[in-house]
Every structure is written in structure tokens, then in C-alpha cells.
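First the structure, in the form of C-alpha cells, and then the observations on it.
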Amino acid sequence: MKQQGTLYIVATPIGNLEDITLRAVRVLKEVGLIAAEDTRHTRKLLNEYGIVTPLTSLYDHNEPKKTPFLIAKLRNGTDIAYVSDAGTPGISDPGYILINRAIENDITVTPVPGPSAVVAALSASGLPMDGFSFWGFLPARKGKRRHFLETLREEKKTMVFYESPQRTIETLLDIVDTLGDRRAVVARELSKLYEEILRGTVSELITMLKDRTVKGEVTLVVAGKEKGDEEFSIESIIARFEALEHKSSCSTKDIITIIADDAGISRKEVYRHVLKHLKTRKK
Ligand code: SAM
């Protein structure tokens with residue numbers, strides 16, 4: 001039986017053409033076909049490295065229709081590389097459907113690792129990166145964006161977002177309103193001529209950018225929730241107390257310690273509010 005081809009998921013530079021691996025160049029030369037998000041864009045990269053492999057397009061809107069053609073080629077023994085315009089395919093980019101159809105067809109899917117803006121921005125951010133969460137692009141509409149950010153209020157890990165330059169300031173304003181004035185980083189035009197990495201609190205970043213037109217490609221990195229990040233209201237202390245009282249077997253003293261630690265306030269303060277609440281509850 002004829003051997004099936006391999007689907008290579010090849011990461012390409014996010015700006016600087018030197019950021020391509022030796023293996024990526026070899027694989028792109030050796031495969032029978034390169035599927036690219038934008039063939040004109042990828043042609044420039046291929047020309048730079050003297051790669052003459054035939055190209056075909058696979059982008060968001062034709063991915064469902066085009067995938068069966070590529071799967072048939074793979075099944076007939078052609079090795080195919082998939083590249084998006086920049087960075088790692090599938091990361092806020094097309095590729096998901098193709099990869100899954102290939103897996104369903106028992107075709108070997110092999111990553112050829114390389115650049116991705118999420119990791120590049122995080123690596124130079126100075127924010128904790130032992131764990132992080134990546135959220136791709138935030139919703140473009142303000143209401144939806146704020147609602148989405150609200151869902152991340154309790155996220156403790158550093159968060160990374162892709163954002164358009166036009167919305168960067170608006171999004172920073174939404175972040176300060178919904179998550180508070182956390183530490184954050186605006187990573188712009190990474191690996192390119194005008195690379196800029198701004199670090200500060202969200203409000204400091206807004207001040208730095210407010211009189212400028214933000215241009216180029218932007219990745220935002222925002223610190224996760226730290227102890228004491230949020231002012232706890234009396235209502236939220238009481239609600240938390242009641243929830244823990246019902247759900248846990250902890251003593252009142254232990255519950256007070258848990259709430260105080262989480263809120264970053266003194267046990268004495270929590271105790272005062274809880275005591276007042278318990279007195280009114282008895283009446
Ligand atoms: N697949 C790509 C990756 O692995 O990074 C991401 C593709 S996504 C369509 C493009 C977004 O990534 C941009 O809008 C921007 O938010 C971010 N991005 C890409 N290149 C960047 C760069 N050089 N500097 C900062 N952010 C970048």
C-alpha cells in the first residue's frame with residue numbers, strides 16, 4: 001500500500017525574516033506542496049530562501065472546501081507543509097480544520113516549531129510566565145469585550161491577548177475598568193524595525209499611548225490577579241463568608257483567615273464585618 005504523506009505545521013517569522021529555523025527551510029524545500037494562508041505573502045519568504053515548492057492557498061474562508069483536496073493529496077503520499085502569514089499556524093490563524101481532518105485520516109501531523117507572537121511577547125514581558133493564559137483576539141465590540149474581560153477577573157495567571165493597533169487604547173481603558181490597574185505590557189512590532197515594548201501599570205501605558213497613533217502589530221500581556229488587587233466590598237465579604245460557612249467544614253476563625261488572605265486585608269477587618277453581620281442575622 002502506498003505510504004501516506006505527512007502534514008507539517010510550519011511556523012514562520014512574525015516580522016524578521018531571519019527568524020526561520022533551518023528545519024523549516026529544509027521542510028519547505030522538501031515537501032511536495034505548501035498550503036499557505038496568503039500565497040503572495042508566503043512567496044516573499046520562499047524567494048528569500050530560494051524555495052521553489054509549488055504553493056496553494058488555504059485561508060479561513062476556503063478551509064472547509066479546500067481541506068478535502070489536501071487530505072486526498074496527503075493520502076496519495078504527498079508531503080504537505082502548512083504555513084500561515086506569520087507565526088505558528090492555528091494560533092488565531094487558520095489550520096484547525098485541516099489538522100483535525102488529517103488526524104481523523106490517520107495522517108501524521110508534525111509540528112515544525114518556531115515563532116509565535118504570544119510566546120515572544122510573554123518572554124520579554126517581565127511578567128510571571130511559569131503559567132499563562134492566551135485569549136487570542138478580544139471581541140471587537142466594546143460591550144462584548146468588557147463582558148469578556150469581566151470573566152477574567154479571577155484569572156491568576158498572566159494573560160496574553162492579540163489586539164489591533166486601532167483598539168489598543170480603548171482595550172487598555174476597558175482592562176483598567178474591569179480588572180483594575182494591573183501591571184501590563186504592550187508589545188508592538190516584535191522582531192521588526194520599530195519594535196517597542198512598553199511596560200508599566202495599565203494606567204501608565206494609557207498615559208504613554210494616549211497622544212499617539214498606535215501602529216503595527218500589537219500583543220498585550222496583562223498580569224493575573226494578585227492578592228490585594230481588588231478592594232473587597234463589605235457585601236462581597238459577607239457573601240463569601242456565607243458561601244464558605246455553608247460549603248466548608250472550616251471554623252469561623254478559619255473562614256475569616258481565608259477571606260482576609262484572598263482579599264489582602266486584615267483578619268481584624270474581616271472579623272469586624274462578619275461579627276456585625278452575625279449580630280443582625282440573629283435579630
Ligand atoms: N499565528 C500568529 C502567531 O503565532 O503569533 C498570530 C496570527 S494573528 C492573525 C496576528 C496577531 O498576532 C496580530 O494582530 C498581533 O496581535 C499579533 N502579532 C503578530 N505579529 C506580531 C508582532 N510582530 N508583534 C506583536 N504582535 C504581533
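Binning at 10 angstrom from zero up to the longest distance, how are the C-alpha pair distances of the stretch 118-222 distributed in percent?
For the stretch 118-222, the pair-distance distribution reads 15, 55, 28, 2.
Only Lys, Arg, Asp and Glu count, each charged at its Cβ (+1, +1, -1, -1), so figure out the dipole size of the stretch 6-115 about its Cα centre, rounded to 20 debye. Mind dumping the intermediate values first?
On the way: 11 positive and 13 negative charges, 71 e Å.
Dipole magnitude for the stretch 6-115 comes out near 340 debye.
Taking neighbour counts of Cβ atoms within 10 Å as a proxy for exposure, in what order, fewest first, do F137, F148 appear? It would help to have the intermediate numbers written out before the result.
Numbers: F137 12, F148 16.
Taking fewest neighbouring Cβ atoms as first place, the list is F137, F148.
Expressed as an acute angle from 0 to 90° and rounded to the nearest 10, what is the orientation of the C-alpha long axis of helix 267-282 relative to the principal long axis of the chain?
Once rounded, one gets 70 degrees.
Mind computing the radius of gyration and Dmax over the alpha-carbon atoms of the stretch 64-145? Å is fine for both.
Using the Cα atoms of the stretch 64-145, the pair Rg, Dmax is 16.4, 49 Å.
Give the aspartates and glutamates reachable from K276 as a straight Cα distance under 15 Å; neighbours fewer than 8 places away on the same chain don't count.
E235, E242
Please give the calculated 222 nm ellipticity per residue for the chain, where each DSSP H segment of at least 4 residues contributes -39500 (n - 2.57) and the sum is spread over every residue; nearest 500 deg cm²/dmol?
Values: 11 runs with 119 residues, N = 283.
About -12500 deg cm²/dmol.
Given the stretch 234-282, report the % of alpha carbon pairs whose separation exceeds 15 Å.
On the way: 404 of 1176 pairs.
Tail of P(r) above 15 Å: 34 percent of Cα pairs.
How long are the three semi-axes of the equivalent ellipsoid of the stretch 6-115, in whole Å, if each is the root of 5 times an eigenvalue of the C-alpha gyration tensor, listed from largest down? Present the calculation step by step, with values, prior to reporting the outcome.
Numbers: eigenvalues 83, 41, 32 Å².
Whole-Å semi-axes of the equivalent ellipsoid: 20, 14, 13.
Arrange the following residues from fewest to most other Cβ atoms within 10 Å of their Cβ: V109, V83.
On the way: V109 15, V83 31.
Fewest-to-most ranking of V109, V83: V109, V83.
Diagonalise the Cα gyration tensor of the chain and give the resulting equivalent ellipsoid semi-axes, square root of 5 times each eigenvalue, largest first, whole Å.
Numbers: eigenvalues 463, 110, 45 Å².
Sorted largest first and rounded, they come to 48, 23, 15 Å.
Please list, or write none, the lysines whose alpha carbon is within less than 24 Å of the alpha carbon of K142, excluding same-chain residues fewer than 8 places away.
Result set, ordered by chain and number: K156, K157, K210, K215, K225.
Any read-out appearing in this document is the output of simple, stated calculations on the displayed coordinates, not a laboratory observation. Keep in mind it's a predicted model, so treat the numbers as computed, not measured. FYI the Cβ positions are ideal-geometry reconstructions off the backbone, even for glycines, and counts take in every protein chain you see.
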